[in-house]
Structures are given as structure tokens and as C-alpha cells.
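Engineer: Mind looking over this structure? Questions follow.
The values are calculated or read from the model by the stated rules, or taken from the named source; none is laboratory data. The model shown is predicted, which means the values in this text are computed figures rather than measured ones. When we count neighbours, we look across all protein chains shown, and the Cβ atoms used for this are built from the backbone with ideal geometry, even at glycine.
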Amino acid sequence: MKTHLETKALFAGYNPADNHGAVKPPMHPASTFVFPSAAVGAAHMETAYGVEGAETPPEGGFIYSRLGNPTLSVAEARLAAWDESDAAALFASGMAAISTMLFALTGAEKPLWYVGPLYGGTQHIIDDILPSMGVSVRRLENLDELASLSESDGLPGMIYLETPANPTLQIHSIKTAADWAKKYTSEDHRIIVAVDNTFLGPILQRPLELGADLNIYSATKYIGGHSDLIAGAVSGEAEAMAKVFEYRTFFGGMADPYTSWMLARSMETLQVRIDRQISSTRLILDHIQVVPGTPVAGINKIYSAWAEDLEGSGDKKSAQISREQQANGGAMFAMEIPGGRKAAFAFLDALQHIQLAVSLGSTESLAEHPYSMTHAGVPVDEKLRHGITEGLVRISIGLEHPDDLIADLDQALKAACLVCEESLECV
């Protein structure tokens, strides 16, 4: 009997029979775990630290919660089930996941190539921290640039991308990166393709099925989905994940038992939350566009990852990529409001149902100003290169009634228009 993904993921990692029949997994806050014997303890510890010739320990044992915890294991099994990956690792934050993954899989002999835009924190690590550690970094203008590059140009150890990208939702072809990496990977030099899949999550986009090696998430967002925890995740192919787990062990950035328990709970409702969020987002995008790609008065430009909106704006290539690698465009969009920062702030301050806060992917709708908030630390030229202007606002749609969100956007746009009409920036 074929079982759907949301059914398998609902129960992954947990058997009620192991816990007195409790239908939900318990939380294990223990920091350390008792060994049944000294020999078993030695086998566990020597294996964990890679001691040569170590005895193989019994399966299922735990040592210390920095190395592994029963509650953490349940949550990781559920994410691996959603992604249908070899393994998943949960972290204390999205940046802990990203930094650990980058440190584990790049180096002096493993350059990093990336395509922007990127989340501001990721951009800082790539631009400032990795080069200081001897990692060569190359920014690609787009992935089509790979076609003109070959082994004679030097090879990366990793190609890193966000798609859809934060905050302007540029779409990059995962398959283009994966096919190129596969072509130039050899026994002596492997090229990892890592995709930040935060904006769509495991239901709407499946990078591993498109040839990527690793999925990266800010699990705070859709996977957690309630604005009540901070977490990150990396999921993917076994060999790459082994290095991620190794570095997590020594950096100590794992998710704690309470966060893990919350994540395991949240993943049970992932499908129904996503279904409602994308349904509302599509209604809202239809409302704020006369036809796809043509924004209403009061909006200069709408950034959307939906194929129909990209097609309507004339970006047929991105529309085709969207159709090929996404179930749909998700619950995020951005708008450029005429009048720059003054009008954008008036819009944000006028919102009543949509909350003014950074983050995304939660039960409540959220709006923010990327130029001065999530991407405040990104150099101005880099921001402008990717369309991150003073008038840009980013919106994440939650579970409120779509009619209320539409009314809220309408009245906030009127407030922005009043400011714009009084401002020389609109002339």
C-alpha cells in the first residue's frame, strides 16, 4: 500500500510502544545518559570521537546531549522523512546550521561559489568570515555563468544558493548547479551543491530530488511555524551529512530537547499550514495585480516566485524554472512602494492585522523593511544590485482570513500613497 509523505512524516522517529503507549513523544531534558557497562560506554565514546579500532557500540544508545538526544532524534527523523533524505541535523538557529555546514564543507582547497542575493547573515559569513579563514569565495552573477566555466578556471568545493532568494524571491535553477557539479566532481574532488530552502520548505520544493546534496533551513520558519522557537536544519546525502554532524558535535550547536520536541510537534501540522498559507497568498497576489505582473496603483513592482506572476512580468525563464522545480510560489512576496523609505515606513506603520516584525513562515502574517532590517548589514551596492531598495517591503502570509489581510494591505497602501504624494521622491 502506497503511503503519502505527510502520513509517513507524521509518525517518523517514534514508536508509542517504546514509551508506555504514549501517543506523543516525551521530552528528554537529560544532559547525560547512563551506560549499561564500562565496555559499552567506552565503545560509544571512542566511536563518537573517531578513535581508530573502536568497538561497535549497541544501536540506539545515547551518551551526552551535545552528541545526541532521544527527543532530538525524533525531530531529525521527521525532517529526514519530509525531505526523504539520508539524514537530518537540527541546530540551535538557522545561522548555526549555515555556518556549521559551511565550515564543515569548505576550506583552502574547497572554494565556495555562490549566487545572490543571500540572507544578510549568510552574506556576512561568506564575504567576511570565510575569506579570513583562507576560503576563496567567488560570486556568480547567475548560474548560467557556470556554462562558460571549466576545470581550467578552478573548481569549487561548494556551490551555494538560496531559491527563492531573500528578500526579492529571485529563482535559481537547482538542476543547473547540480548538473554542473556532477560533471566536474571526481574521486579526488567532490563539489557539494547546498540549497537554502527556507522560503518554500520540504513540501513546495525538493532540492535533493533535483540533484542537490544538502537542504538548509531556518527551521524557525515554516518547519517550526509558530514564532515560538529558534532553530536551523541541514538535511541531505549521507557522506556530506557525516561532516556536518562531526562539526556540530565539536561546535556544540545542536537544538536543545525542548526545541526539538516543539519542532517534532510542529512538523505534524506542516502540510495543513502550508496549504492555507499558499491559498491566501494566491488570493492576495491576484488582488494586488490587475493582471499578473502589473501591480495596482501604489506599488512600483511586485516580487513573486509564482510562475504565473513571473510569466506576466515577462520573466519567462524564471517562470519556467518555477514550474520545473516548485509546486507553486509559496507564501512570500515583496513589494516596492513609490516614495522610498518614508512611504515604506508609512505602509508598515499603518498595518493592523499584519505584524511588523522580521522572520517569516509563521501562523501570523509578518512584514518588514529588508533594506534597514534583515539586510541592514549588506553593502549598499550589493543591496541595490538585487533590487533591495528603500521602498521595498517583504511580506509573509499566515493563517488569518485572506479577506482581512487584503483589507489591511489596501488601507496601508493608501497611507503610503498619502505620504508619497507629499514627497519629492515620488515626482
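Engineer: Conditions first: (1) crowded, with 19+ Cβ neighbours inside 10 Å; (2) outside any loop (DSSP other than H, G, I, E, B). His375 passes all but one, so which condition is the exception?
Structural biologist: Only one criterion in (1) crowded, with 19+ Cβ neighbours inside 10 Å; (2) outside any loop (DSSP other than H, G, I, E, B) is unmet by His375, namely (2).
Engineer: Among the residues in the range 304-319, are any surrounded by 17 or more Cβ atoms within 10 Å (Cβ to Cβ), modelled with pLDDT under 95 and of a type in the set (S, T, N, Q)?
Structural biologist: yes
Engineer: Let me ask something additional. Does Asp286 fit the bill of being out of contact with any Ser or Thr (no Cβ under 7 Å at 6 or more places or on another chain) and assigned by TED's automatic domain parsing to the domain that holds Met101?
Structural biologist: Numbers: out of contact with any Ser or Thr (no Cβ under 7 Å at 6 or more places or on another chain): yes; assigned by TED's automatic domain parsing to the domain that holds Met101: no.
Answer is no for this residue.
Engineer: Being in a loop (DSSP other than H, G, I, E, B) and either touching a strand residue (DSSP E or B) at 6+ places or on another chain (Cβ under 9 Å) or assigned by TED's automatic domain parsing to the domain that holds Asn166 (or both) is the filter here; which residues of the range 299-350 pass it? First the steps, then the outcome.
Structural biologist: As a first pass, look at the range 299-350 and keep what is in a loop (DSSP other than H, G, I, E, B): 299-300, 304-306, 313-315, 327-331, 337-339.
Ile299, Asn300, Ser304, Ala305, Trp306, Ser313, Ala327, Gly330, Ala331, Ile337, listed by residue number.
Engineer: Could you list, ordered by first residue, the pairs with Cβ atoms under 7 Å in which the first is in the range 83-96 and within 15 Å of Lys243 (Cα to Cα) and in contact (Cβ under 8 Å) with a residue 12 or more places away in the chain and the second is assigned to a helix (DSSP H, G or I) and among the charged types (D, E, K, R), at least 6 apart or interchain?
Structural biologist: If the second residue must be assigned to a helix (DSSP H, G or I) and among the charged types (D, E, K, R), the pairs left are Ala88/Glu76; Ala89/Glu76; Ala89/Arg248; Leu90/Glu76; Phe91/Arg248.
Engineer: While we're looking at this one, here's another question. Just checking: which of the strands (runs of 3 or more DSSP E) contained wholly in the range 49-162 hold 2 or more residues that are among the charged types (D, E, K, R)? So that I can check it myself, show each step before the final result.
Structural biologist: Values: elements: 87-91, 112-115, 137-140, 158-162.
Answer list for the range 49-162: 137-140.
Engineer: Given the options Ala334, Ala376, Ala346, name the one that is touching a helix residue (DSSP H, G or I) at 6+ places or on another chain (Cβ under 8 Å) and within 30 Å of Ala177 (Cα to Cα). Spell out how you get there, then give the answer.
Structural biologist: On the way: Ala334 fails: touching a helix residue (DSSP H, G or I) at 6+ places or on another chain (Cβ under 8 Å); Ala346 fails: within 30 Å of Ala177 (Cα to Cα).
Being touching a helix residue (DSSP H, G or I) at 6+ places or on another chain (Cβ under 8 Å) and within 30 Å of Ala177 (Cα to Cα) holds for just one of Ala334, Ala376, Ala346, which is Ala376.
Engineer: Is the range 103-112 home to any residue that is farther than 29 Å from Thr32 by Cα, at pLDDT 95 or above and under 15 Å from the mean Cα position of the chain (by Cα)?
Structural biologist: No; the residues of the range 103-112 include none that is farther than 29 Å from Thr32 by Cα, at pLDDT 95 or above and under 15 Å from the mean Cα position of the chain (by Cα).
Engineer: Next question, about the same structure. Is there a residue being in a helix (DSSP H, G or I), of a type in the set (Lys, Arg) and over 25 Å from Glu364 (Cβ atoms) anywhere in the range 382-393? Steps first, answer last, please.
Structural biologist: Here is the first cut: in the range 382-393, the ones in a helix (DSSP H, G or I) are 382-385.
Filter once more, keeping what is of a type in the set (Lys, Arg): 383, 385.
Within this subset, residues satisfying the condition of being over 25 Å from Glu364 (Cβ atoms) are 383, 385.
Taking every residue of the range 382-393 in turn, at least one turns out to be in a helix (DSSP H, G or I), of a type in the set (Lys, Arg) and over 25 Å from Glu364 (Cβ atoms).
Engineer: Filtering the range 252-271 down to residues that are in contact with a strand residue (DSSP E or B) (Cβ under 9 Å, 6 or more places away or on another chain) and assigned to a helix (DSSP H, G or I), which residue is farthest from Pro29 (Cα to Cα)?
Structural biologist: In this case the residue turns out to be Leu263.
Engineer: While we're on this one: I'd like to know if the range 166-181 contains one or more residues that are surrounded by fewer than 21 Cβ atoms within 10 Å (Cβ to Cβ), among the charged types (D, E, K, R) and in contact (Cβ under 8 Å) with a residue 60 or more places away in the chain.
Structural biologist: Checked against the condition, which is being surrounded by fewer than 21 Cβ atoms within 10 Å (Cβ to Cβ), among the charged types (D, E, K, R) and in contact (Cβ under 8 Å) with a residue 60 or more places away in the chain, the range 166-181 yields at least one hit.
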